[in-house]
Amino acid sequence: MYGTRSSYEIPVLNTYEKALAHYESIKPIRGKDWLRPIINTPNGRRRQHMQIIKHRDETIACRLYDTNVLTYLPDGEIHFTNGGYATSTTHQFAAAILGWGSVHIHGHRDQTCINCGKKSVLVEDYNPIKLRWNADVYRYDFIDPPKMYAYYLKRAPMGMRRKEIEPFTKYVLALAKLVDPKQYEEYKGQQSAYWLHRRVTGDEDARVEAAEYLLRRACTWRGDWLNRELSILPKDITNMLDDMLKYMHAEDLFEEREVDKPNTNDNAKYMLGEDVTI
C-alpha cells in the first residue's frame, strides 16, 4: 500500500478546515452515496478501504478499513486511534494524512508511538491521542497527553541482595568450571523465581538442587554448525540469579519514574512477581 504512488496521492489534512474541504470535494461512489474514497484520483477511488466520512456532529473521520484512525473536530482537535491495530499500515496511513515530517508514527513493542518534536507518547488500544496543528512551528502539539512511566533499578539495594546470596553464587560458579557440560545437556523445564529462591536460600540439599537447576538451564550448544560446543557460561548463571532477585524483590529494587519517551529497558516485566519462570 505504501512506498508506492498511492502514498503520495493521500492528501495532507492538518486542520479541520482542510479535512472538511477535502470531504466536500470528493464525489461519492456511484450507488454508494455514503462512501467517499479519501484519494480523489481514478486509481485512488478504487481503494475504497480508505475513506473520508462526515458525521452528524460535524466531525470528519479518515477511515482505514473499519477504523476511524483520525477524527477532526470543529474546535481544531485531531484524535488519533489505532483501533487495536498497531500496524505499519495504520501508522503510515495516519502519518501520510497528517504530513510526513511534521509527525512520526511508528511501532514500539506492539504499540503505537507518536513523536511530535521532542515529545513522544504511547497509544493504548482504542484510547485516542489528541493533537492540534501548530502552524508557527510546523508540527503538532499534544493535548493532555497520557503520562508514561518506566522502572529503573536501584543499584545499592540490588548490591545488597546480591551480597545475601554471594556464598551460593560462588559455589555454583565454581561448580560450572568443574563439571562436564554433557551431564547437564538434558533439558527438564523451567521453575519459578519463588521456587529457585527458596532453594538458593535453603539448606544444603536445597542449594544443591538449585545449583543443578542453574547448571542445566545454562548448559547450551554454542558456535556454528561446524564448530558447535556444549558449554556452561558463568554469565548465564549470574543473569538468572539476578532475575530471581529482581522478580522476588521488585518493589524494593525498582523505582518508577515519569519519562518523555518510550522506555527501552525490560524492567516492567519484573513487576509480574515471583511466579514468573526463570
Checklist entry - From Leu272, Leu230, which residue is under 22 Å from Thr169 (Cα atoms) and either in the same structural domain as Leu173 (by TED's automatic domain parsing) or free of Cβ contacts under 8 Å to residues at least 60 places away in the same chain (or both)? => result Leu230
Checklist entry - Looking only at region 54-101, which residues are more than 19 Å from Gly44 (Cβ to Cβ) and of a type in the set (Lys, Arg)? => result Arg56
Checklist entry - Do you know which residues across region 191-211 are in contact (Cβ under 8 Å) with a residue 12 or more places away in the chain and over 30 Å from the mean Cα position of the chain (by Cα)? => result Arg199, Val200, Thr201, Arg207, Ala210, Ala211
Checklist entry - Inside region 52-73, can you point out the residues that are crowded, with 18+ Cβ neighbours inside 10 Å and either under 28 Å from the mean Cα position of the chain (by Cα) or small (Gly, Ala, Ser) (or both)? => result Ala61, Cys62, Arg63, Leu64, Asn68, Val69, Leu70, Thr71, Tyr72
Checklist entry - Does Leu230 fit the bill of being of a type in the set (A, V, I, L, M, F, W, C), within 30 Å of Lys118 (Cα to Cα) and touching a Pro at 6+ places or on another chain (Cβ under 8 Å)? => result no
Checklist entry - Considering only residues of region 35-44 that are touching a residue at least 12 places away in the same chain (Cβ under 8 Å) and assigned to a loop (DSSP other than H, G, I, E, B), which is surrounded by the most Cβ atoms within 10 Å (Cβ to Cβ)? => result Ile38
Checklist entry - From the set of residues in region 145-178 that are part of a helix (DSSP H, G or I) and among the charged types (D, E, K, R), which is farthest from Arg217 (Cα to Cα)? => result Arg155
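The values are calculated or read from the model by the stated rules, or taken from the named source; none is laboratory data. The structure displayed is predicted, hence computed values, not measured ones. Virtual Cβ from ideal backbone geometry, glycine too; neighbours counted across all protein chains shown.
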